[in-house]
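Structure record follows, encoded as structure tokens.
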Amino acid sequence: MLNLVVTMHIKPGHMAAFLAVCAELRPQVLQEPGCRGYDYLRDVAVTLHRPTPVDPDRVTLLERWESLAALQAHLETPHMQAAGAKLKDLRESVELRVTEAIF
């Protein structure tokens, strides 16, 4: 299984528009073959061993895919193409990490 950690910084003042696109996109992605999770996350202010910085303009997307083929098919779907066109002007930056479980 592949896991994607996508960290996005949203342009100031564009969070509501960004989340609206994501709210429409998420149910479609969850119906795709091979999708095991597609969760948008925000920073939360907590103090465990040390304070964690909160960035109100950062959104992290955690994706879980059964295989590389399923992920590649996902990227080619019409709803991903349409969402990508809408989201590109709402984000300042995107960082992508692809991981797999060790245990």
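No lab work stands behind these numbers, since they all come straight from the coordinates. A quick note: this is a predicted structure, and the numbers were derived from the prediction, not measured. Note: ideal-geometry Cβ built from the backbone for every residue, glycine included; neighbour counts use all protein chains shown.
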Environment charge at Thr60 (Cβ cut-off 13 Å; Lys +1, Arg +1, Asp -1, Glu -1): -2
Extension gain (nm, one decimal) between Thr77 and Asp43, 0.36 nm per residue minus Cα-Cα: 9.3 nm
Fluctuation leader among Val21, Val29, Val54 - the chain, Gaussian network, Cα springs under 10 angstrom: Val54
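With a/c under 1.5 counting as rounded, go ahead and sort region 26-103 into rounded, prolate or oblate using the C-alpha gyration tensor (a ≥ b ≥ c being the square roots of the eigenvalues; past the cut-off, prolate if a/b is larger than b/c, else oblate).
Oblate, since a/c reaches 1.5 and b/c is not below a/b.
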Under a Cβ-only charge scheme (Lys and Arg +1, Asp and Glu -1), can you give me the dipole magnitude of the chain about the Cα centre, in debye to the nearest 20? 180
